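Values quoted throughout were computed directly from the atomic coordinates according to the rules given, and no laboratory measurement underlies them. What you are looking at is a predicted structure, and each value in this text was computed from that prediction instead of being measured. Positions of Cβ are backbone-derived with ideal geometry, glycine not excepted, and every protein chain shown enters the neighbour counts.
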Amino acid sequence: MAEGSSVSGGTGRIAVTASDDVMKVDLVRDRLARAQRVVVLTGAGISAESGVPTFRGEGGLWRQHRALDLATPQAFARDPRLVWEFYNWRREVLGPLEPNPGHNALVKLEQRVPQFTLITQNIDGLHARAGSRNMLELHGNIWHVRCLGCGKVAEDRSVLPLMPRCPGCGALLRPHVVWFGESLDPSILSTAFEAVQHAEIVMVIGTSGTVEPAASMGMVAKRKGACLVEINLEPTPFTTLYDTSILGKSGEILPMICESW
Ligand code: OAD
């Protein structure tokens, strides 16, 4: 949102430009206050104000690193040390970062809505740190490791050795994240689509809408009659298809939506 009038946000007075945007915020707040079933789908943009780099924007991770060299099963088979070096570096970057007012506002929203599902493409774990509970991490979690031998998944927040081994069976551990070319966990995926198909409102926040299957979730909900709300810094390929699009930072807009709750 640009400058102009101002409304009171959770963290103080926040400048809001267009009265059009203020009206959209009010409209979304009213609809959410009456809704029974809400789904929120988030992408890297919601964590940007915590200091997490996005993937495709300026300074984005995939602008500086080749995803195919670092985030595919083939890359891991070829050079597990290199892949672990990359994920250890990401852990070091993410470790000190804190949830921002956007994550916190979604915790408030969850407490208010009877059936609330948060679907995130992010692996940074910041929604859970903020206190979100009914959450589906579509692409896994960078703080979890998975054993290539016994398949056990465990939380481990340390910076790992470059060839970490399973304490149970001794096989190589890998990051418990979804890489390019891999399938998503079918049970997480079906729970996500179930929630999307029954939602009255779906909010799509901080995602470029370029990676499936998350990219299609909004339109699946729309075909089922849901109201679609987008919050993003800039228009996406879906903006014109959604019911309401609010351009601006999720860390400013979400607290405004949840301000009086
Ligand atoms: P992208 O980097 O593709 O898109 C981030 C989106 O967030 C862009 O549309 C930005 O305009 C928007 N954005 C940036 N800052 C924002 C802010 N403060 N408030 C609101 N919006 C903001 O990231 P994703 O869409 O999450 O997958 O990318 C999807 C997937 O592609 C990721 O989960 C990852 C990546 O490759 C895997 O690694 C499997």
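How large are Rg and Dmax for the stretch 58-176 when calculated on the C-alpha trace, in angstrom?
Taking only Cα atoms of the stretch 58-176, I get Rg and Dmax of 16.0, 48 Å.
Would you mind giving the three semi-axes, in whole Å and largest first, of the ellipsoid equivalent to the stretch 142-202 according to its Cα gyration tensor?
Working: eigenvalues 186, 29, 21 Å².
Values for the stretch 142-202, descending: 30, 12, 10 Å.
Quick one: dipole size for the stretch 97-177, taken about the Cα centre, charges +1 on Lys/Arg Cβ and -1 on Asp/Glu Cβ, in debye to the nearest 20. Don't skip to the answer; put the middle values down first.
Details: 9 positive and 6 negative charges, 30 e Å.
That gives the stretch 97-177 a dipole magnitude of about 140 debye.
How high is the relative contact order of the chain? Use alpha-carbon pairs under 8 Å, at least six apart in sequence, and give a whole percent. Walk me through the numbers on the way to the answer.
On the way: 477 pairs, mean separation 64.3, N = 261.
That works out to 25 percent.
Once both axes come from the Cα atoms, what is the angle between helix 19-34 and the longest principal axis of the chain, in degrees from 0 to 90, rounded to 10?
Tilt of helix 19-34: around 70 degrees.
If the only charges are +1 at each Lys and Arg Cβ and -1 at each Asp and Glu Cβ, what is the size of the charge dipole of the stretch 108-227 around the Cα centre, to the nearest 20 debye? Mind showing how you got there, number by number?
Values: 12 positive and 10 negative charges, 31 e Å.
Computed about the Cα centre, the dipole is about 140 debye.
Enter the Cα centre distance for the pair the stretch 118-149 and the stretch 194-240, rounded to the nearest angstrom.
Between the Cα centre of the stretch 118-149 and that of the stretch 194-240, the gap is 20 Å.
Using alpha carbon centroids, what distance separates the stretch 70-112 and the stretch 32-60, in Å?
Comparing the Cα centres of the stretch 70-112 and the stretch 32-60, I get a distance of 14 Å.
Give me the Kirkwood hydrodynamic radius of the stretch 119-159 in Å, from all C-alpha pairs, to one decimal place? Intermediate results must be reported in sequence, preceding the final value.
Working: mean 1/r = 0.0900 Å⁻¹.
Taking the inverse mean of 1/r over all distinct Cα pairs, the stretch 119-159 comes out at 11.1 Å.
Run the quick spin-label model on Arg34 and Glu182: label points 7 Å from Cα toward the beta carbon, then report their separation in nm to one decimal.
Here the answer is 4.3 nm between the modelled labels.
Considering Cα pairs under 8 angstrom that are at least six residues apart, work out the relative contact order of the stretch 114-178 and quote it in whole percent.
Details: 107 pairs, mean separation 20.1, N = 65.
Averaging sequence separation for qualifying contacts and normalising by length gives 31 percent for the stretch 114-178.
Between Gln197 and Arg78, what is 0.36 nm times their sequence separation minus the Cα-Cα distance? Round to one decimal in nm. Walk me through the numbers on the way to the answer.
Details: separation 119, 0.36 × 119 = 42.84 nm, distance 3.97 nm.
The Gln197-Arg78 span can extend by a further 38.9 nm.
Using the Cα atoms as the points, what is the convex hull volume per residue of the chain in Å³?
Working: hull volume 31.8 nm³, N = 261.
Hull volume over Cα atoms, normalised by residue count, gives 122 Å³.
Please rank Arg34, Arg146, Arg91, fewest neighbouring Cβ atoms within 10 Å first, as an exposure proxy. Walk me through the numbers on the way to the answer.
Details: Arg34 8, Arg146 16, Arg91 19.
Ascending Cβ contact count within 10 Å gives the list Arg34, Arg146, Arg91.
Mind putting a number on the dipole of the chain about its Cα centre? Charges go on the C-beta only, +1 for Lys and Arg and -1 for Asp and Glu, and I need it in Debye to the nearest 20.
Numbers: 26 positive and 27 negative charges, 122 e Å.
Dipole about the Cα centre, nearest 20: 580 debye.
Roughly how many nanometres apart are two label points built 7 Å out from the Cα toward the Cβ at Asp26 and Ala171?
A separation of 5.9 nm, rounded to one decimal place.
Counting other beta carbons within 10 Å of each Cβ, put Thr210, Thr244 in order, fewest first. Walk me through the numbers on the way to the answer.
Numbers: Thr210 12, Thr244 18.
Least crowded to most crowded, the residues run Thr210, Thr244.
Taking R0 as 25 Å, what's the FRET efficiency between Val159 and Val107 from their Cβ-Cβ distance, rounded to 0.05?
After rounding, the FRET efficiency stands at 0.35.
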